[in-house]
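A short write-up of the structure that comes next.
The values are calculated or read from the model by the stated rules, or taken from the named source; none is laboratory data. Because the structure is predicted, anything quoted here is derived from the model rather than measured. A quick note on method: Cβ atoms are made from the backbone with ideal geometry, for glycine too, and the neighbour counts reach across all protein chains shown. Accessible surface is based on the protein model in full, side chains and every heavy atom, while ligands, DNA and RNA are left aside. Shrake-Rupley method; radii C 1.70, N 1.55, O 1.52, S 1.80 Å.
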Amino acid sequence: MMRLLILIALVLVPTVALAQPAPPVSADTAATRKACADAMNADATFAQAIVETINADTARQHRNAADAISKNEKHVFMAYAAMWVIAAGFLFFMWRRQQGLKNEIAQLKRDLEAAAK
Amino acid sequence: MSVLRHAARVAWKDLRIELRSKEIVYTMAFFGALIVVVYSFAFPVKPDLVRAAVPGMLWVAIAFAGTVGLGRAFDRERENDTMRALLLAPIPRLAVFLGKAAAISLLVLLVALVCAPLLALLLDVDLFAMPAELLLLLVLGAIGFANVGSVFAATLLKVRSRDVLLPVILYPILIPLFVAGTSATEAMIAVKPDLDKLWYWIGFLGIYDAVFLVLSMWVFEALVIE
Amino acid sequence: MSNKGIPVLAALAAIGFVVTIYLVFTYAPLVEDPVLMFNQKIFYYHVAHAFMLFLATAVCGVCSLVFLKTRKPKYDDLALASAEVAAMFGAVVLATGMIWAKAAWDIWWVWEKRLTMSLLLWLVLVGYVLVRRFAGSSADRLAAGLAAFGTVGIPFIYFMVDASDHHPKAGAGGVAATLPPEMKLVFWLSVLTFLLWCVALVMSRVQSARAERELREIRERGLDAGLFT
């Protein structure tokens, strides 16, 4: 029963999604555009204000993006951390080796003493 | 020149053993063919895809089948410790190496000559558009493979885990050879064959073989003597 | 090689770490590249490690050849030590290279030429370490052969990667050549730091390799003399 429900859901969801009507294409885009152009042509200061606003907005967006990147310390942090982790791993490996050597020396000493007896 | 004569004798000894049992030739060729068939199932056979994938398939098949044959060829010398006898024989050790490498490059070439037509047949690729160049390429590839392979297979003879260590050692060294072979084959079977590229890679392989042959001849003795 | 040099070198390297990290984040300017910017700071460690990778590999290859020809164990110790250190530096190069690729091109791995070369070289070094570990009594000869062949193969890898159009190319093309002087100073300072670090690691690894070998020989001598069972 559960499986049947899942199956129905699986079939239904895309069908419903596909059946959604496409967003209507605005027929009066051209008309709006023409009205705006006319208004800007009629009043020079209005046009100037719009251009300045847009320019300021673009500049602000660029500045924000640059700030975001220059403050994006994640990757730099990751890279430096990776270096330290790998170096620490190598040092740990060398330390383990050193311990093994110490054990071996102790073992040799014990064997020697046993043999000397 | 006596080195070359002794080398030829060693190679002829190996080939005669092989001609009697035909063990390596048959199993290697069949293994190569199997790899090709498995590839034909592993990749969808579409004309443009096949053209891009076949060069790689050919050289990977050579690499795998070659490694198997190489291991077996040297196992034969191990079974009765005949490698020691060969090295103790009153001939230059260089001749032993050259003979072994020559015999193995013939075997590898044979496998390549089985795999190439099979690939062309099964995947419908015109591999033999330039037969002379293809042959030259395969000969150079086989020589390079057998040369580096013989050095390390001979050194690995007494090592317990030689079967896994052989590819571990061999493939990192042989990567340039396989890439050169693949790129040259690719240039050869392209819709518009790129002759400049083809000859660049053939030259690359030639220099690769020469350099590693000299290096192998130089260090072989130091490597195999305990 | 004496014992005393190692702490001095390690201390100098430690001072170098502190100084370079400070300079990297305060003195070195940001690059004008709109994508990299701050991430360019990965470069100072990444490239310095890559230099050490190639240096240590070359030392390993040359020592291996000398060992094969002379059979003097001290060259073997040096080859083993530099191979392991090179493998460590190679791991750092690959890790930081991947992070660089993620920052610059938003993808974890690109077949950038120098990164590809480092990868192929690193595979030889990993093979070397594996051979050392699993090849039993002939490990020294086998590993020396692998190192010699691998080092001789470096030019081939270079030309192969250069000419092969197998992989789509991406590149930070010539970052090192066009550095402003402040960056250059910091960069070479970090190279010097890691050179000291590298030498200190190799030296101490040589010592443990030699100690291991001597212990092995002592035990064998003891066994021969019938002292141990």
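If you check C:Phe89 against the conditions, is it touching a Leu at 6+ places or on another chain (Cβ under 6 Å), in a helix (DSSP H, G or I) and within 25 Å of C:Gln207 (Cβ to Cβ)? It is true that C:Phe89 is touching a Leu at 6+ places or on another chain (Cβ under 6 Å), in a helix (DSSP H, G or I) and within 25 Å of C:Gln207 (Cβ to Cβ). One residue stands out among those in the range B:155-196 that are small (Gly, Ala, Ser) and open to solvent by 10 Å² or more (accessible area, probe 1.4 Å): the one that is nearest to the other protein chains (Cβ to nearest Cβ), which is B:Ser161. In the range C:95-103 there is at least one residue that is at pLDDT 90 or above and hydroxyl-bearing (Ser, Thr, Tyr). Taken over the range C:104-136, the criterion of being buried (at least 20 other Cβ atoms within 10 Å of the Cβ) and in contact with a Lys or Arg (Cβ under 8 Å, 6 or more places away or on another chain) is satisfied by C:Glu112 alone.
Scan the range B:201-220 for residues that are of a type outside the set (A, V, I, L, M), surrounded by fewer than 17 Cβ atoms within 10 Å (Cβ to Cβ) and within 9 Å of another protein chain (Cβ to nearest Cβ) and jot them down. Hit for the range B:201-220 is B:Trp218, nothing else.
Evaluate the following for C:Val62: is it under 19 Å from B:Ser216 (Cβ atoms) and either in a helix (DSSP H, G or I) or within 11 Å of another protein chain (Cβ to nearest Cβ) (or both)? So C:Val62 passes the test. What about A:Lys74, is it surrounded by 10 or more Cβ atoms within 10 Å (Cβ to Cβ), at pLDDT 85 or above and under 30 Å from C:Leu201 (Cα atoms)? No. Within the range C:14-33, does at least one residue satisfy the condition of being outside any helix (DSSP H, G or I) and facing chain A (nearest Cβ under 9 Å)? Within the range C:14-33 (the criterion being outside any helix (DSSP H, G or I) and facing chain A (nearest Cβ under 9 Å)), the answer is yes, since at least one residue qualifies. Please indicate, with yes or no, whether at least one residue in the range A:47-54 is more than 10 Å from every other protein chain (Cβ to nearest Cβ), in contact with a helix residue (DSSP H, G or I) (Cβ under 6 Å, 6 or more places away or on another chain) and assigned to a helix (DSSP H, G or I). Yes, there is a match, as at least one residue in the range A:47-54 is more than 10 Å from every other protein chain (Cβ to nearest Cβ), in contact with a helix residue (DSSP H, G or I) (Cβ under 6 Å, 6 or more places away or on another chain) and assigned to a helix (DSSP H, G or I).
On inspection, B:Ile143 passes the criterion of being more than 12 Å from every other protein chain (Cβ to nearest Cβ), under 30 Å from B:Arg51 (Cβ atoms), open to solvent by 30 Å² or more (accessible area, probe 1.4 Å) and under 17 Å from the mean Cα position of the chain (by Cα).
Would it be correct to say that C:Leu192 is modelled with pLDDT of 80 or more and surrounded by 13 or more Cβ atoms within 10 Å (Cβ to Cβ)? So C:Leu192 fits the description; yes. Scanning the range C:33-76 for residues that are of a type in the set (D, E, K, R) and open to solvent by 10 Å² or more (accessible area, probe 1.4 Å), we see that the one that is farthest from the chain's Cα centre (by Cα) is C:Asp33.
Filtering the range A:94-111 for residues that are modelled with pLDDT under 80 and open to solvent by 80 Å² or more (accessible area, probe 1.4 Å) leaves an empty set.
Selection of the range B:95-125 for residues being more than 15 Å from B:Ala29 (Cα to Cα) and at pLDDT below 90 yields B:Ala120, B:Leu121, B:Leu122, B:Leu123, B:Asp124, B:Val125. Could you list, in sequence order, all residues of the range B:125-140 that are acidic (Asp, Glu) and crowded, with 18+ Cβ neighbours inside 10 Å? Passing the criteria: only B:Glu133.
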